[in-house]
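First the structure, in the form of structure tokens, and then the observations on it.
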Amino acid sequence: MRDIFGKETGLTDKEKIKNYAIGVFDSGMGGLTAVQELNRIMPNENIIYFGDTARIPYGSRSRETILRYAGEDVAFLRRHEIKMIIAACGTVSSVALDTPIVTDDMPFTGVIAPAIEAACKATKKKRIGIIGTPATIKSGSYIKAIADTHPDVMVIPQACPLFVHLVENGYTDFNNPVTRLVAEEYLDPVKKENVDVLILGCTHYPVIADLIGDIMGKDVALISAGAEAAKFAKSKLHELGLLSDRECKGKNTYYVSDSTEMFEENAVNFLREDVRGDVFRSDF
Ligand code: DGL
């Protein structure tokens, strides 16, 4: 029997692999919005998270640099016992999914396909807004994916270059005047297009979802790309028979390429609770 790693194995190996961790990475802390959802829907799974906090942002870098960084993030996760990889980063998902960083020996997902599936299901007007980093919007990844699968849906894209910096630096309060001003500037053109769904195409953005929702209005549904990727991961693991059969709560282990203190301080904004689990600094 061939297992997900392509090796000839018996059932025993699959039984072992199902209790391996789910590997998640992002350029920084944004991927924690996926971890929050993973913990909620699969509390018994172990998670290994890598946040490249020393090199964030990825979203304003060239395709070559993003691919190099993403390749190193994946290689880092693969040195651990993992059964699936989630690229919990809209930017990496936009530029790297058709490249060699994704190997077929392990389930792998980015955030785009899960997010557009949820968005296209939710839109009644068939008008969807998509906000993301400059690299994500420039790649046209969401627009292409929607054109391929839902050609009747109109997409209004908008890059929001300052959001990642504001969120990583803790400018996340609903009443923060700086963040509101910036958000109004970015979102007004999308709002004028009369969309009824807005994809938060960068995994950092759900942290300011209250503010984004307030500006867009209550009739606009917000889709978190990270949370949708987490739901997709659950259905993929279920389909492959690789959900953990652990009966106790799983464990989260975090690795970051910069200060662990800074990570723990700000992670609460993404996880909506204090960090549970060990946090290590790692230089790949
Ligand atoms: N969280 C990343 C994303 O989803 C973006 C951050 C960055 O620019 O590095 O696109």
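The values are calculated or read from the model by the stated rules, or taken from the named source; none is laboratory data. Keep in mind the model is a prediction, meaning the values are calculated, not measured. Cβ: placed from backbone, ideal geometry, glycine included. Neighbour counts: every protein chain shown. Surface areas here come from the heavy atoms of the whole protein model, side chains and all, with no ligands, DNA or RNA. Shrake-Rupley method; radii C 1.70, N 1.55, O 1.52, S 1.80 Å.
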Original post:
Which whole-number percent gives the relative contact order of the range 142-253, counting Cα pairs below 8 Å spaced six or more residues apart?
Top reply: 21 percent
Subject >> Total charge dipole magnitude, the range 86-161, about the Cα centre, Cβ charges on Lys, Arg, Asp, Glu only, Debye to nearest 20 >> reply: 560 debye
Original post:
Quick one: Debye curve from the C-alpha atoms of the range 148-284, no solvent, what's log10 I(q)/I(0) at q = 0.12, 0.15, 0.16 Å⁻¹?
Top reply: -0.65, -0.93, -1.01
Subject >> Contact order normalised by residue count of the chain, Cα under 8 Å, 6+ apart, percent >> reply: 27 percent
Original post:
Cα-Cα over 32 Å: which of LYS192/LYS234; LYS138/LYS234; LYS218/LYS251; LYS83/LYS125; LYS124/LYS236; LYS126/LYS249?
Top reply: LYS192/LYS234; LYS218/LYS251; LYS83/LYS125; LYS126/LYS249
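Add +1 for every Lys or Arg and -1 for every Asp or Glu among the other residues with Cβ under 13 Å from the Cβ of ILE112, and state the total.
The answer is -3.
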**OP:** For the range 15-108, report the accessible area per residue in Å² (1.4 Å probe, heavy atoms, rounded to an integer).
**Re:** 33 Å²
Subject >> Loop-located GluC sites (Glu not before Pro) in the range 249-284 whose Cβ has at most 10 other Cβ within 10 Å (DSSP) >> reply: GLU273
Original post:
Just the Cα atoms of the range 126-194, one point each, no solvent: what log10 I(q)/I(0) does Debye give at q = 0.22, 0.23, 0.26, 0.28 Å⁻¹?
Top reply: -0.95, -1.00, -1.12, -1.20
**OP:** Please state, rounded to one decimal and in Å, the Kirkwood hydrodynamic radius that the range 19-59 gives when every pair of distinct Cα atoms enters the mean of 1/r.
**Re:** 10.7 Å
Subject >> Per-selection Kirkwood Rh - the chain (Cα, Å, 1 d.p.) >> reply: 19.0 Å
Original post:
Rg(Cα) of the range 52-185 divided by 2.2 N^0.38 Å?
Top reply: 1.14
Original post:
So what's the convex hull volume per residue for the Cα atoms of the range 51-99, in Å³?
Top reply: 78 Å³
**OP:** For the range 100-159, report the translational diffusion coefficient in µm²/s to the nearest whole number, using Stokes-Einstein at 37 °C, 0.692 mPa s, and a Kirkwood Rh over Cα pairs.
**Re:** 263 µm²/s
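Please list, by residue number, every one of the trypsin sites (Lys or Arg not before Pro) in the range 78-175 that is coil in DSSP and has at most 16 other beta-carbon atoms within 10 Å. Show your work: numbers first, answer last.
Details: sites: ARG78, ARG79, LYS83, LYS121, LYS124, LYS125, LYS126, ARG127, LYS138, LYS144; in loops: ARG79, LYS124, LYS125, LYS126.
When the trypsin sites (Lys or Arg not before Pro) of the range 78-175 are filtered for loop state and at most 16 Cβ neighbours within 10 Å, ARG79, LYS124, LYS125, LYS126 remain.
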Original post:
How much of the accessible area of the chain, in percent, comes from carbon and sulfur atoms when a 1.4 Å probe is used?
Top reply: 51 percent
Original post:
From a point 7 Å beyond the Cα of SER259 in the direction of its Cβ, which residues of the range 11-32 have a backbone N at a distance under 16 Å?
Top reply: 29
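Which of the GluC sites (Glu not before Pro) across the range 217-256 are loop residues per DSSP, with 13 or fewer other Cβ within 10 Å?
On the way: sites: GLU228, GLU239, GLU247; in loops: GLU247.
Counting only loop positions with at most 13 other Cβ atoms within 10 Å, the GluC sites (Glu not before Pro) in the range 217-256 are GLU247.
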